[in-house]
1. If the cut-off is 23 Å between C-alpha atoms, which lysines fall inside it for Lys175, apart from same-chain ones fewer than 8 positions away?
2. So how long is each side of the chain along the principal axes, counting just the alpha-carbon atoms, biggest first, in Å?
3. Compute, for Lys254, the solvent-accessible surface of its heavy atoms (probe 1.4 Å) with the complete set of protein chains present, and express it in square angstrom to the nearest 10.
4. Can you give the calculated 222 nm mean residue ellipticity of the chain, where each DSSP H run of n ≥ 4 adds -39,500 (n - 2.57) and the sum is split over every residue, rounded to the nearest 500 deg cm²/dmol?
5. Within the chain, what whole-number % of the accessible surface is contributed by carbon and sulfur, with the 1.4 Å probe and all protein chains included in the calculation?
6. Going from the alpha-carbon gyration tensor of segment 65-146, what semi-axes, largest first and in whole Å, does one get by taking the root of 5 times each eigenvalue?
7. For Lys351, which lysines qualify as cross-link partners when the Cα separation must be under 25 Å and same-chain residues fewer than eight apart are set aside?
8. Give me the 1.4 Å probe accessible area per residue for segment 218-262, excluding ligands and nucleic acids, in Å².
Amino acid sequence: MDDNFPVEQRIDARFELKRKDFELDINFAAPGKGVSAIFGPSGSGKTTLLRCIAGLEKPDSAHFTINGQCWHDAHKSLAVHRRPMAYVFQEASLFPHLNVRENMAYGWRRIAKDQRKIHFDDVTTWLGLEALLEHQPQQLSGGQRQRVAIARALLTSPQLLLMDEPLASLDANGKAEILPYLESLCRELSIPVLYVSHSPEEVQQLADYLILLEQGRVVAAGELNTLLTDPLLAISHFEDAAAVLEANVIGHDKEFHLTSLAFDHAQVSVSYNGLPLGHKARLRICARDVSLALVQPQQISISNSFPVKVVSIDPDRDPSQMLVRCEIGGQHLLSRITRRSVHLLKIEVGKNVYAQVKSVALMK
């Protein structure tokens, strides 16, 4: 377990469950706030783990504490209705006879006034539901229905939010519609979120901490950027492998419609977004969009270039490619380049090079 989190600010989970065709043997610690993504392929045990946490599955042995409160151990197991959590499923399952406001209020009205820690108007704003309150469920898009389902769950004032692939049933447009709202929501929430997904993009966009599962076991758990850029883990070799770095807004260039952000001694530009100076933002940089140079590039169209240090070089899935992990100011990014380029440029561990980034995605 990770001892970096104090007991009153962490989640400890240990579950053992044996079935005829599947075995869950889980042991991890996670921070007691922010979004911890549970990521893995289908059949790795993600949903089973969430159901154990919720009390919907009966494991053979279990221990679960959250921020100093024990829900399950060898001596007790809280009933499902006694666990102060909310569960968001893949399908919204709204009450068809109630409008949006009434669906949202369903759980809120069942919570004593002095126990309401999340307010109706706040949730409405976070999830952009102001104009939809009088709509019926059948009038909503898939993304809108899921936003209402999340709002309804939050209005029970849970101490833990469980989200089981909440975007899985949505098409590309629905996902694009709801992701910005989820980003905003995750920034505002003071409660921890366990977010199950098999989408690297969702994990990169929403998570602070990452728990990787394979075949019912935890492969690795740790800070998001550390695991995304670890060449020993399969996720760093995916086609859409990316690093997520923290940066601060330092300026705007309205003439060219650009916003500048800085991390360590590096600076990058993205499309103008109007964020206030000093705002801490997240940058997503895909490995395929990073090339390396031995000298500072001049007179090229790629404007984002900064010095980095090579910390590892590993074979990629494609035998013609190499995955180069680079460090800048304690953060890491990946570069996917050809084996030939590594040879010709004599790139080696410890060497200082320049990263040229073709595309940077800003995640507010």
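The values are calculated or read from the model by the stated rules, or taken from the named source; none is laboratory data. Model, not experiment: these values are computed from the prediction. Reconstructed Cβ throughout: ideal geometry from the backbone, glycine too, with neighbour counts over all protein chains shown. Heads up: the accessible areas ignore ligands, DNA and RNA and are worked out on the full protein's heavy atoms, side chains in. Shrake-Rupley method; radii C 1.70, N 1.55, O 1.52, S 1.80 Å.
1. Straight-line reach from Lys175, under 23 Å: Lys46, Lys364.
2. Reported extents, whole Å, longest axis first: 65, 52, 36.
3. My reading of the accessible area for Lys254 is about 150 Å².
4. Numbers: 8 runs with 73 residues, N = 364.
Calculated from helices alone, the mean residue ellipticity at 222 nm is -5500 deg cm²/dmol.
5. Values: 8370 of 17580 Å².
Exposed carbon and sulfur together represent 48 percent of the surface.
6. Details: eigenvalues 175, 46, 28 Å².
Equivalent ellipsoid of segment 65-146: 30, 15, 12 Å, largest first.
7. Lys309
8. Numbers: 1980 Å² over 45 residues.
Ligands and nucleic acids excluded, the figure is 44 Å² per residue.
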